[in-house]
1. Using 0.36 nm per residue of separation minus the Cα-Cα distance, give me the extension gain between residue 582 and residue 613 in nm, one decimal.
2. Could you compute the FRET efficiency for residue 258 and residue 395, with r as their C-beta to C-beta distance and R0 at 56 Å, rounded to 0.05?
3. Using the Cα atoms as the points, what is the convex hull volume per residue of segment 57-232 in Å³?
4. Along Cα→Cβ, 7 Å out, is where each label goes; now give me the distance between the ones at residue 77 and residue 94 in nm to one decimal.
5. How far is helix 176-192 tilted off the main Cα axis of the chain, in degrees rounded to 10, range 0 to 90?
6. Would you mind ranking 262, 366, 552 so that the residue whose beta carbon has the fewest other beta carbons within 10 Å leads the list?
7. Which percentage, to the nearest 5, of the DSSP beta bridges contained in the chain is antiparallel?
8. Using alpha carbon centroids, what distance separates segment 526-572 and segment 168-220, in Å?
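Only the coordinates and a few stated rules stand behind these numbers; no lab work does. No experiment lies behind these values; they were computed from the predicted model shown. All Cβ positions, glycine included, derive from the backbone under ideal geometry; neighbour counts span all protein chains shown.
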């Protein structure tokens, strides 16, 4: 038994040693180790600052290489005696990437007044000393004395405060050459306003840090200024387009002021409107038409899509539908009406011949030199057939029609082919459009010409004829008029019609006419040399929402900033940019409820209005509406 117990004891494992107790110092050491490990772990986590930080930073004497960008800071060192409000806006509007930092250091008025008092004493002493010596007066000292006295009065009365002002501009570019070019351009703009600036030298890093949003001025290049010039340096100003006369175009989105403008107060009254389909361009023009009518302006509209019919009916206007089967006819051979002055019959006939030849090129296509010569002689003989010659009295003649020209061509040597090509407009499918005497009446304040029911092939021909007829009417009597040409890109597709519209836009100012050119096909319009010229000769421009395919051309044509470019891409219906002369502002086009019901193009609203009219008419027939309700209706 003893041997068994002894053997069991020998085979059992040795006892474990006792664990020493952890004292307070050991716990603190362990906690410290855990904290260090936690800190090391957190340093490995990516923060937002790690995401936006550049991959590298290389410092050069006059610039930084920040990742792949070249960075340079400019600082202003001197200002002129007077500086205008908004002098800094041209730099803000540059299409470059840059940061601007303004640091203001208020200075107690008591300190400045004490220093100014000493300065006044020194200047007065120098002026008196010069006078005693018989020296010539010093205008610089006298001007400085007046300025200091004026500033002392303003500071004493609390009208002005005093600051030390620092202005820095940090430019970003992709190449060193581009950085130098942008720097020179900004310095030139500063210099044109007598504001002198310098590039950083061996302070490139400090200049960059001074324009970071950390309110840390490491350059500290300050200039002493009082409140007024400091306030004039504020760059974010909005253009005011409010005048005493004119109509309301919309709301200024910068400051919620009204954009009231009289288009006839500018160097010309022409306007261009560019927008995508459904952006609200027709809505904006209808608003202008309605408000212009209230001020006594006559309005003429060329409507390609029957959009202005409801407005014309509501305003008591004349709506003329031009189509192959329509009763309304316009004769392209009509002579210009009396235009005042000493216009000779020969000049009037020559002008009519040139206009008819432009129309015939639209109808027949390009003409060879021989065909052009034959057509020129045939048109003159067509007028002569009706006794319209340079020696006749044009007030008593009857204009020929297209059939007369065809008859003349058939009897001329070499004119048979032209007569055959012309026959479809006199006896063929298209004979009902331009082969009749004019029977259109334009004695109304609002006249709309509709070309909706015409085939696409005939639309440029019809619009050309209508515009020429309108131009003859405009020249016959001097009145305040607006001519709106919707979907003008139809005319820009052909050189003759584009040239005619350009000539109209250029000459209409003399006859108190403003031409509004509206289009949604911006690329076709602006790529035409005449389209560019029309924009140049239009003092008013309205840009609404644009398509990505056209925005680059729009930006180049109107010199838009990147912010304005994205505004036109992302804005809503009825929003855009309004240009008036040299000023422009973001606009929001608004209307009253009554105006909206008169000018809406929304098919749902138009159906609701038509149903309301039918219900009202039915109630009249059933005797359910009394006289009071009838007046309201």
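1. Values: separation 31, 0.36 × 31 = 11.16 nm, distance 4.60 nm.
Once the chain is fully extended between residue 582 and residue 613, it gains 6.6 nm.
2. Values: r = 48 Å, r/R0 = 0.86.
It comes out at approximately 0.70.
3. Taking the convex hull of the Cα positions in segment 57-232, it is 140 Å³ per residue.
4. Modelled inter-label distance: 1.8 nm.
5. 70 degrees
6. Numbers: 262 15, 366 9, 552 12.
Fewest to most other Cβ atoms nearby, the residues stand as 366, 552, 262.
7. Details: 48 of 76 bridges.
Approximately 65 percent, going by the DSSP bridge assignments.
8. Measuring centre to centre over Cα atoms gives 31 Å.
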